[in-house]
Amino acid sequence: MAGYLFVHFTGEQKDGEQIYFSVSRDGLHWTDLNDGKPVLYSHIGECGVRDPFPVKNPLNGRYYLIATDLRIEKGEGWQAAQERGSRDIIIWESEDLVHWEKERAHTVGIREAGCVWAPEAVFDEEEQAFLVFFASKVKCDGEETAKHRIYAAYTKDFVTFSDTFLYMERERDVIDTTILRSNGKYYRISKDETDSRLILEESDSLRGDFKRISCPVFEKLKGMEGPEGYLLPEGRSWCVIADQFAEGKGYLPMITEDLSSGDFTILEKEKYDLGRTKKRHGGVLELSDAEYERLIKAEMEG
C-alpha cells in the first residue's frame, strides 16, 4: 500500500456527526482533508452519522462507505439511541473516492433490534460477497433485559442484502467489532461493552469458531472503543488503533508484528500525529499510489 484514507466523525457538536476524511502515507501521521470540515453529509434518516467504514470491491473496484444512522447531537440521549434507534445503515458509493453518489439507507436490523451500530464489511472470498456486520441491542425470548450482539448480512452490491443473522454473541454485551486477515487467518477485535475493554479472537474462517487470544495491552486498557487495524507500509507490522473515549484522548495506536501472539506495544506520542481534528470511531482504507494522489489532487483543486 502507498497510503491510507481514514474516514471518521469528530464528536457530538454541530456537524461533528458527519463524514470527515484524513490521509496518511505511513499510517501514523495524518493530514485532514477539506480543511478539517465534513466531506459528506447525511440528509436522510437521523441526519447524522457515526462510525463510518470504507471498503473497496475487489471484483469491480467500486468504493462503498457505510455508517451508523445516528445523531446524538439532537439531544435524545443514549438510552433512546440503543432501544429506539434506527435499524438502517447509511451508504455512499463512488467510482474514484472523490465523487460520491447521494447517500441511501438500507434496513439491516432485525425487527426486534433497538439499534444498528458501527457497521463494517469484509469481503468473503468463499461467498464472493461482503459480510456486513454490526451491533444491535435485542431482547430475546426468555431474557429479562436486552443485550448487544453482533448481527450480519451478505451483499454483493450494497443494494440487495441477504436476511440478517446472528453472527456473534457473548455472555456480556459486545459492540464495535472489526475483522482483520493475516497469514490465512481471521482476527476479530471487539469492545466488551460492560467494561469497555477490547477482545482479540482468531479463526480459520469468517464463519468459523473464534477462540480468544490473551492480549495484555488490551486487557490493561479500559475505556476503549472503535478498534480498527491495518498493515503498515513495510508489510510486517500491524497497527491497531482504538478510541480512548472515556478520557476523551482520541485514538491510540498499538503495534504488533504477529496478531496471533496478542503481543502489542503502545506507540509513544512523539511517533504519531492524528492531525488537527479530533478523530472518533471510523475506518481506514489502504490506498494505492494512484488513489492517494487522486485524493490529494482533488484537495488541491478544491
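Would you pick out the residues in segment 257-269 that are buried (at least 19 other Cβ atoms within 10 Å of the Cβ) and part of a loop (DSSP other than H, G, I, E, B)?
If the condition is that a residue be buried (at least 19 other Cβ atoms within 10 Å of the Cβ) and part of a loop (DSSP other than H, G, I, E, B), then F264 is the only one that fits.
All but one of (1) part of a helix (DSSP H, G or I); (2) without any contact (Cβ under 8 Å) to a residue 60 or more places away in the chain; (3) closer than 28 Å to L97 by Cα hold for I296; state the number of the condition that does not hold.
For I296, the failing item is (2).
Would segment 156-172 turn up any residue that is modelled with pLDDT under 95, among the charged types (D, E, K, R) and within 21 Å of Q244 (Cα to Cα)?
Yes, segment 156-172 contains at least one residue that is modelled with pLDDT under 95, among the charged types (D, E, K, R) and within 21 Å of Q244 (Cα to Cα).
Give the residues of segment 12-37 that are hydrophobic (A, V, I, L, M, F, W, C) and in a loop (DSSP other than H, G, I, E, B), sorted by residue number.
L28, W30, L33
Looking only at segment 270-293, which residues are surrounded by fewer than 15 Cβ atoms within 10 Å (Cβ to Cβ), charged (D, E, K, R), at pLDDT 95 or above and not in a strand (DSSP E or B)?
E270, K271, D289, E293
For segment 38-80, which residues satisfy the criterion of being within 19 Å of E225 (Cα to Cα), basic (K, R) and either out of contact with any strand residue (DSSP E or B) (no Cβ under 9 Å at 6 or more places or on another chain) or not in a loop (DSSP other than H, G, I, E, B) (or both)?
Hit for segment 38-80 is R50, nothing else.
I need the full set of residues from segment 147-173 which are surrounded by fewer than 18 Cβ atoms within 10 Å (Cβ to Cβ) and aliphatic (A, V, I, L, M), in order please.
Once the filter is applied, which keeps residues that are surrounded by fewer than 18 Cβ atoms within 10 Å (Cβ to Cβ) and aliphatic (A, V, I, L, M), segment 147-173 yields V159, L166, M168.
Tally time: how many residues in segment 1-59 are surrounded by fewer than 16 Cβ atoms within 10 Å (Cβ to Cβ), of a type in the set (G, A, S) and under 19 Å from D243 (Cβ atoms)?
1
Report every pair of residues separated by at least 6 positions or lying on different chains whose Cβ atoms are under 6 Å apart, first residue within segment 44-64 and among the β-branched types (V, I, T), second surrounded by fewer than 19 Cβ atoms within 10 Å (Cβ to Cβ) and part of a strand (DSSP E or B).
If the second residue must be surrounded by fewer than 19 Cβ atoms within 10 Å (Cβ to Cβ) and part of a strand (DSSP E or B), the pairs left are I44/A105.
Please find, within segment 208-256, the residue that is nearest to the chain's Cα centre (by Cα) out of those that are outside any strand (DSSP E or B) and touching a residue at least 60 places away in the same chain (Cβ under 8 Å).
L232
Filter segment 119-146 down to the residues that are crowded, with 19+ Cβ neighbours inside 10 Å and either in contact with a helix residue (DSSP H, G or I) (Cβ under 6 Å, 6 or more places away or on another chain) or modelled with pLDDT under 95 (or both) and list them by number.
Answer for segment 119-146, where residues must be crowded, with 19+ Cβ neighbours inside 10 Å and either in contact with a helix residue (DSSP H, G or I) (Cβ under 6 Å, 6 or more places away or on another chain) or modelled with pLDDT under 95 (or both): just K137.
Could you look through segment 112-137, keep only residues that are more than 22 Å from E46 (Cα to Cα) and not acidic (D, E), and pick out the one that is nearest to the chain's Cα centre (by Cα)?
So the residue we want is V122.
Would you point out which residue out of E76, E93 is among the acidic types (D, E), surrounded by 13 or more Cβ atoms within 10 Å (Cβ to Cβ) and free of Cβ contacts under 8 Å to residues at least 60 places away in the same chain?
Step by step, each of E76, E93 is checked, and only E76 is among the acidic types (D, E), surrounded by 13 or more Cβ atoms within 10 Å (Cβ to Cβ) and free of Cβ contacts under 8 Å to residues at least 60 places away in the same chain.
The values are calculated or read from the model by the stated rules, or taken from the named source; none is laboratory data. Owing to the predicted nature of the structure, the values given are computational and were not obtained by experimental measurement. Ideal geometry is used to build each Cβ from the backbone, glycine not excepted, and the neighbour counts take in all protein chains shown.
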